[in-house]
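The values are calculated or read from the model by the stated rules, or taken from the named source; none is laboratory data. The model shown is predicted, which means the values in this text are computed figures rather than measured ones. Ideal geometry is used to build each Cβ from the backbone, glycine not excepted, and the neighbour counts take in all protein chains shown. Ligands, DNA and RNA are excluded from the accessible area calculation, which covers all protein heavy atoms including side chains. Shrake-Rupley method; radii C 1.70, N 1.55, O 1.52, S 1.80 Å.
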Amino acid sequence: MSDLASSTSGLRELHPPLSEHEALVESARCLMCFDAPCTHACPTHIDIPKFIKKINTGNLRGSARTIFESNLLGATCARVCPVQELCEGACVLGSEHKPIAIGRLQRYAMDHAYSKKSEFFRPAATTGRKIAVVGAGPAGLSCAGELAKLGHSVTLFERRDLAGGLSTYGIISLREPVEVALMEVSMIQKLGVRLETTKEVGFDPTVTELRENFDSVFLGVGLGHTPQLGIAGEEYILDGLQYIEGSKLLPSRLRVGRNVIVIGAGNTAIDCATIARRMGAERVTMIYRRTENEMTAYPHEYDFVKREGVAFWFLAQPIKVHHENGAVKALECVRMALGEPDPSGRPSPQPLPDSNMLLPADQIVKAIGQHKPSIAQLLNLNTDKGFIEVSENFETSFPGIFAGGDCIRARGAASTVMAVQDGKLAARAIHQRLVNHG
């Protein structure tokens with residue numbers, strides 16, 4: 001098996017695909033609700049009863065088309081959406097019975113469509129308008145694909161070697177293999193989107209070139225690098241996003257310690273802890289300066305990682321990495337107590353005097369959020385707490401430049417499916433602006 005595939009069996013997709021029989025049985029359970037709560041709970045508003053009914057009648061192509069009409073990245077969202085909090089959480093069967101496995105049924109339809117190499121859309125007649133999409137993550141791919149369907153000429157600029165954003169680089173293979181993300185990229189390209197990788201907008205192309213050569217611009221740049229903790233010995237701490245990337249693209253080269261500490265308590269931190277546990281770490285401990293009540297990870301992810309055998313140490317703040325001859329030996333922390341709410345609305349952790357402790361470790365990983373997008377300053381766009389400010393139609397403070405996805409959404413509001421919806425709605429707004437401006 002190649003490195004690009006998940007060569008470590010522990011990181012293969014958590015849920016196997018449904019068999020034909022399983023899909024038929026599960027789809028038959030759906031009540032086909034009128035004005036279905038599950039559809040309202042889906043950020044992209046897929047007609048869920050409709051695609052499930054088509055599965056049950058054997059019309060898998062029709063089922064996939066129903067999904068694609070609302071969400072061009074349906075294969076990704078079928079895998080990574082927090083369905084427990086969204087569509088499945090809204091299922092009327094959930095209160096007294098088991099909710100319909102909407103995510104797995106969506107994956108069943110999507111996998112069938114890709115296995116058959118089905119094509120569902122043809123671009124409209126060319127409009128002669130040129131749009132630049134910056135960032136080939138979920139928001140950028142969604143926007144680019146929707147614009148191409150409307151007949152616009154779209155160039156998609158991506159800084160990395162591969163397109164797909166976090167779906168390619170930053171979501172654990174347990175939830176989404178690289179191959180799924182790249183399949184969707186290929187589908188977007190087949191709609192006529194021109195993809196240019198290893199392009200750092202601001203340098204190649206320059207801001208001037210961007211504004212002179214395109215009628216409109218969409219920014220789907222996500223967020224930046226993991227911030228510094230600002231503690232002694234931080235150079236020995238691994239970046240969580242790079243840790244996940246290594247497990248996806250070069251798993252055979254990823255070194256995993258025996259006693260691993262993960263700093264952070266969001267979904268990325270949980271993915272890092274899961275990788276360490278499943279790739280052979282004997283002990284994995286997550287360190288968080290607040291309590292479980294303030295964790296930003298989804299509740300179902302927290303439950304999952306506890307079942308994986310990951311330990312938690314709450315109310316602990318790292319202050320120093322202890323190392324000898326280049327090898328990590330321990331993480332020194334100070335105990336914390338929660339005080340008054342900080343600007344995020346969560347209780348601010350305050351250090352307790354004389355409470356320092358040493359936690360043995362031979363590997364430390366940090367997943368403590370990401371820097372805000374620097375492109376906002378480059379383009380002189382208005383921001384709010386570092387996030388790009390947009391109007392209700394996703395237009396920034398500079399006319400003709402739109403934005404969506406994680407670069408406009410604060411902690412807790414960002415997700416893959418929301419990025420897809422942002423891209424779709426922004427594409428409609430861009431199209432309308434170009435039409436109105438002749």
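A few remarks follow.
- Those residues of segment 339-365 which are open to solvent by 40 Å² or more (accessible area, probe 1.4 Å) and in contact with an Asp or Glu (Cβ under 8 Å, 6 or more places away or on another chain), in sequence order: R346, N356, L358
- Subset of segment 51-65 (residues that are open to solvent by 10 Å² or more (accessible area, probe 1.4 Å) and not aliphatic (A, V, I, L, M)): K53, K54, N56, T57, G58, N59, R61, G62, R65
- Filtered residues of segment 306-338 (kept if of a type in the set (A, V, I, L, M, F, W, C) and not in a strand (DSSP E or B)): V310, L315
- Conditions (1) open to solvent by less than 20 Å² (accessible area, probe 1.4 Å); (2) modelled with pLDDT under 95; number of the one not met by Y243: (2)
- Checking N267 against (1) polar (S, T, N, Q); (2) open to solvent by less than 40 Å² (accessible area, probe 1.4 Å); (3) touching a residue at least 24 places away in the same chain (Cβ under 8 Å), the condition it does not meet: (2)
- Qualifying residue in segment 179-190 (condition: out of contact with any Gly (no Cβ under 8 Å at 6 or more places or on another chain) and over 25 Å from E69 (Cβ atoms)): no
- Residue within segment 216-233 that is buried (at least 20 other Cβ atoms within 10 Å of the Cβ) and farther than 25 Å from R428 by Cα present: yes
- Check on A429, at negative phi, more than 15 Å from the chain's Cα centre (by Cα) and outside any strand (DSSP E or B): yes
- Test: residue in segment 101-110 that is hydroxyl-bearing (S, T, Y), outside any loop (DSSP other than H, G, I, E, B) and surrounded by fewer than 18 Cβ atoms within 10 Å (Cβ to Cβ): no
- The listed residue being of a type in the set (K, R) and under 21 Å from A376 (Cα atoms), out of R175, R159, R129: R159
- Identity of the residue in segment 329-338, touching a residue at least 40 places away in the same chain (Cβ under 8 Å) and closer than 18 Å to Q228 by Cα, that ends up surrounded by the most Cβ atoms within 10 Å (Cβ to Cβ): L331
- Segment 376-417, residues that are part of a loop (DSSP other than H, G, I, E, B), farther than 20 Å from R433 by Cβ and not polar (S, T, N, Q): K385, G386, R409, A410, R411, G412, A413, A414
- Test for G74: is it on the phi > 0 side of the Ramachandran plot, open to solvent by less than 30 Å² (accessible area, probe 1.4 Å), in contact with an Asp or Glu (Cβ under 9 Å, 6 or more places away or on another chain) and of a type outside the set (S, T, N, Q): no
- Of all residues making up segment 385-403, the number that are under 14 Å from G220 (Cβ atoms) and surrounded by fewer than 16 Cβ atoms within 10 Å (Cβ to Cβ): 0
- Single residue of segment 154-179 satisfying the filter (touching an Asp or Glu at 6+ places or on another chain (Cβ under 9 Å) and either in a helix (DSSP H, G or I) or without any contact (Cβ under 8 Å) to a residue 24 or more places away in the chain (or both)) that is most open to solvent (accessible area, probe 1.4 Å): L166
- Residues satisfying the stated conditions in segment 397-417, i.e. over 25 Å from S167 (Cα atoms) and touching a residue at least 40 places away in the same chain (Cβ under 8 Å): G400
- One residue stands out among those in segment 18-33 that are assigned to a helix (DSSP H, G or I) and among the charged types (D, E, K, R): the one that is least open to solvent (accessible area, probe 1.4 Å), which is E26.
- Subset of segment 370-384 [without any contact (Cβ under 8 Å) to a residue 12 or more places away in the chain and open to solvent by less than 40 Å² (accessible area, probe 1.4 Å)]: none
- Counting only helices (runs of 4 or more DSSP H) wholly contained in segment 186-305, the ones carrying 1 or more residues that are within 26 Å of L359 (Cα to Cα) occupy 240-249, 267-278.
- Condition check for V207: surrounded by 21 or more Cβ atoms within 10 Å (Cβ to Cβ), among the aliphatic types (A, V, I, L, M) and within 30 Å of V390 (Cα to Cα): no
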